[in-house]
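Reviewing the structure listed below.
The values are calculated or read from the model by the stated rules, or taken from the named source; none is laboratory data. Worth saying up front: this structure is predicted, and the values here are computed from it rather than measured. Virtual Cβ from ideal backbone geometry, glycine too; neighbours counted across all protein chains shown. Heads up: the accessible areas ignore ligands, DNA and RNA and are worked out on the full protein's heavy atoms, side chains in. Shrake-Rupley method; radii C 1.70, N 1.55, O 1.52, S 1.80 Å.
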Amino acid sequence: MPATSATTTGPKTSRPVRKQAAPRARNGPRGGRKREFTTRRGLLIAAFMAPAAIFVAVFTYYPMIAGSQMAFRHWDLNDLTDTSWVGLDNFHRVFSDPNWGTVLGNTGAWVIGSIVPQLVIGFALALWLRRRFRFRGVYQALIFFPWAISGFLIGILFRWMFNSEFGVVNDLLQKAGLIDEPVAWLADPHKAMIAVLIANIWYGVTFFTIMILAALQSVPDELYEAAALDGAGKARTLFQITIPYIRVTLVLTVLLRVIWIFNFPDLIFGMTGGGPNNQTHIVTTWMIKITQQGDYGKASALGLLVVAGLLLFTVFFLLATREKREVRS
């Protein structure tokens with residue numbers, strides 16, 4: 001009988017698992033060591049930045065400083081033999097000018113009369129464009145198009161439209177039976193201010209529409225669905241959900257637009273040039289006119305006043321953006 005060999009199986013032995021080394025932290029963009037900052041690298045960085053820094057210094061800061069010191073000197077292109085220091089005399093001439101009151105009032109009317117209609121119409125258009133309907137992209141392109149055109153060209157366009165002899169505005173009003181004879185819009189001081197306001201409202205509605213529409217896209221649809229389930233109407237939804245949710249964007253947009261309108265002479269120069277009889281001048285257009293007359297001292301003083309006014313708006317702008325940064329953090 002052949003012997004059978006029994007095969008014994010011993011206990012299974014598990015191989016030790018080799019632990020993989022943790023990957024090294026990458027310091028550089030390609031996993032290498034962080035390059036040390038050396039004098040050579042510093043000089044190389046400075047060499048690349050130098051052209052831009054020189055350009056800004058020559059064409060921005062030097063004119064700003066030179067123009068600021070002109071405000072305290074007798075600087076008239078008609079008489080450059082005397083550029084003596086006059087202190088605050090140029091500021092006194094600005095405040096004592098007979099046109100100062102009219103210019104200041106026009107500036108207030110220009111800013112407030114433009115901001116309020118632009119905000120209301122832009123908000124309404126943004127709410128309408130937020131809805132889904134056919135050819136919405138076409139309507140958005142048509143509404144956003146004016147913002148791509150120069151303000152001076154818009155002024156020239158509206159100057160022809162408000163022309164008393166062959167302007168399209170008088171033609172439409174006469175055909176509608178609202179007026180019996182053509183109106184001299186740009187020859188009458190009060191009507192001329194209304195005309196430039198209408199042009200600026202048409203031009204600035206686009207900016208409010210773009211900004212508010214972008215903010216409305218961030219409002220969750222769940223909020224509107226919950227409001228509909230609670231039986232909230234359109235007015236209640238608007239004032240208790242939509243406006244509070246985009247309140248920060250509305251504040252920033254209004255403040256930013258105030259700064260731009262305050263410092264926006266292009267359209268007025270294209271339409272009226274400040275006329276008739278200086279009755280449509282705002283602060284910035286009046287400053288340009290004084291500069292054209294050669295009185296650089298007075299114009300520089302007025303420019304510093306404009307900068308001071310814009311700085312006040314900048315403070316409000318920064319305070320509003322601080323709240324937005326805190327919400328995001």
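Tabulated data for the structure shown
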| item | result |
| --- | --- |
| Accessible area in the full protein assembly, largest first, 1.4 Å probe, for Asp266, Asp97 | Asp266, Asp97 |
| The chain: most fluctuating residue of Ile241, Ile54, Ile45 per GNM, C-alpha cutoff 10 Å | Ile45 |
| Whole-Hz ³J(HN,Hα) from phi, Karplus 6.51 cos²θ - 1.76 cosθ + 1.60, for the stretch 162-177, glycine and proline x | 9, 4, 6, 9, 10, x, 6, 5, 4, 5, 5, 5, 5, 5, 7, x |
| Highest-fluctuation residue, Gly87, Gly113, Gly275 considered, GNM on the chain with Cα pairs under 10 Å | Gly87 |
| Probe 1.4 Å, all protein chains present, accessible-area order of Lys175, Lys234, Lys298, largest first | Lys234, Lys175, Lys298 |
| Tilt relative to the chain, helix 283-292 - C-alpha long axis, 0 to 90 degrees, to 10 | 60 degrees |
| Rounded tilt (10° steps) of 39-56 against the dominant C-alpha axis of the chain | 30 degrees |
| Chymotrypsin sites (Phe, Trp or Tyr not before Pro) restricted to DSSP loop in the stretch 155-253 with at most 14 other C-beta within 10 Å | Phe166 |
| Calculated from backbone phi, Karplus (6.51, -1.76, 1.60) coupling profile of the stretch 299-309 in Hz, x at Gly/Pro | 5, 5, 4, 5, x, 5, 5, 5, 4, 4, x |
| Cα long-axis angle, helix 189-216 against the chain (0 to 90 degrees, to the nearest 10) | 0 degrees |
| Structure-derived Cα Rg over 2.2 N^0.38 Å: which label, when the choices are [x] 1.64; [y] 0.99; [z] 1.39 | [x] |
| Dipole in debye (nearest 20) - the chain, about Cα centre, beta carbon charges: Lys, Arg +1; Asp, Glu -1 | 3260 debye |
| GNM top mover of Thr242, Thr253, Thr81 - the chain, alpha-carbon springs below 10 Å | Thr81 |
| Cut-off under 5 Å, modelled amide H: who pairs with Arg73 long-range | Val86 |
| Phe95 accessible area, assembled protein chains, probe 1.4 Å, Å² | 110 Å² |
| Solvent-accessible surface ranking, highest first, for His281, His190, His74 at 1.4 angstrom | His190, His74, His281 |
| Rel. contact order, % - alpha carbon contacts under 8 angstrom, at least six apart, the chain | 25 percent |
| Under the Karplus curve 6.51 cos²θ - 1.76 cosθ + 1.60, θ = phi - 60°, whole-Hz ³J(HN,Hα) for the stretch 144-159, x wherever Gly or Pro sits | 7, 4, x, 5, 8, 9, 5, x, 5, 5, 4, x, 5, 4, 6, 5 |
